[in-house]
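A quick write-up on the structure given underneath.
The values are calculated or read from the model by the stated rules, or taken from the named source; none is laboratory data. This structure is a prediction, so every number in the text was calculated from the model and none was measured. Neighbour counts are summed over all protein chains in view; Cβ atoms, including those assigned to glycine, are modelled from backbone coordinates with ideal geometry. To get the accessible areas, we keep the full protein, side chains included, count just its heavy atoms, and leave off ligands, DNA and RNA. Shrake-Rupley method; radii C 1.70, N 1.55, O 1.52, S 1.80 Å.
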Amino acid sequence: MSNISGKMDDVMLENGRRKIARECRDKLKQLKKLSDKQSTAILKSYLPKFQLTLSEKHKKFPPIMWLIWYINSIDKEINSG
């Protein structure tokens with residue numbers, strides 16, 4: 001039974017990561033002309049919440065890299081599909 005709940009936790013965490021990344025992406029897309037300072041500030045504002053969803057396998061890279069990776073993945077899904 002613990003294996004099933006472990007998988008459910010993984011799914012819930014993944015959904016949480018994607019939700020936060022989607023919100024961050026939307027905020028970035030709202031700006032007409034994006035500067036490095038603006039994008040960094042937006043990413044940093046979402047980072048504390050996003051870090052709470054990371055698992056042990058995500059510890060190999062900095063959390064900001066994961067957030068950017070999720071944002072880019074969602075952007076590809078939206079633009080390609």
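Out of Ile64, Ile42, which single residue is open to solvent by less than 40 Å² (accessible area, probe 1.4 Å), in contact with a Leu (Cβ under 9 Å, 6 or more places away or on another chain), part of a helix (DSSP H, G or I) and not hydroxyl-bearing (Ser, Thr, Tyr)? First the steps, then the outcome.
Working: Ile64 fails: open to solvent by less than 40 Å² (accessible area, probe 1.4 Å).
One residue alone meets the criteria, Ile42.
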*Under 8 Å by Cβ, and 6 or more places apart or on different chains, what pairs join a residue from the range 12-37 that is assigned to a loop (DSSP other than H, G, I, E, B) with one that is open to solvent by 60 Å² or more (accessible area, probe 1.4 Å)?*
Leu31/Gln38
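On the basis of being touching a helix residue (DSSP H, G or I) at 6+ places or on another chain (Cβ under 8 Å) and not in a helix (DSSP H, G or I), does Leu54 make the cut? Explain how you work it out, then say what you get.
Values: touching a helix residue (DSSP H, G or I) at 6+ places or on another chain (Cβ under 8 Å): yes; not in a helix (DSSP H, G or I): yes.
Spelling it out, Leu54 is indeed touching a helix residue (DSSP H, G or I) at 6+ places or on another chain (Cβ under 8 Å) and not in a helix (DSSP H, G or I).
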*Of all residues in the range 19-39, which are closer than 19 Å to Asp9 by Cα and open to solvent by 50 Å² or more (accessible area, probe 1.4 Å)?*
Lys19
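Which of the residues belonging to the range 38-51 are touching a residue at least 24 places away in the same chain (Cβ under 8 Å) and of a type outside the set (Phe, Trp, Tyr)? Please lay out each step first, then the result.
Filtering the range 38-51 for residues touching a residue at least 24 places away in the same chain (Cβ under 8 Å) gives 43, 46, 49-50.
Once the filter is applied, which keeps residues that are touching a residue at least 24 places away in the same chain (Cβ under 8 Å) and of a type outside the set (Phe, Trp, Tyr), the range 38-51 yields Leu43, Lys49.
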*Starting from the range 61-74, take each residue that is over 15 Å from Ser39 (Cα atoms) and list its partners that are open to solvent by 70 Å² or more (accessible area, probe 1.4 Å), counting only C-beta distances under 7 angstrom and pairs at least six apart or across chains.*
Pro63/Gln51; Ile74/Arg22
*Scan the range 1-14 and give yes if some residue there is modelled with pLDDT of 95 or more, surrounded by 11 or more Cβ atoms within 10 Å (Cβ to Cβ) and of a type in the set (A, V, I, L, M), otherwise no.*
no
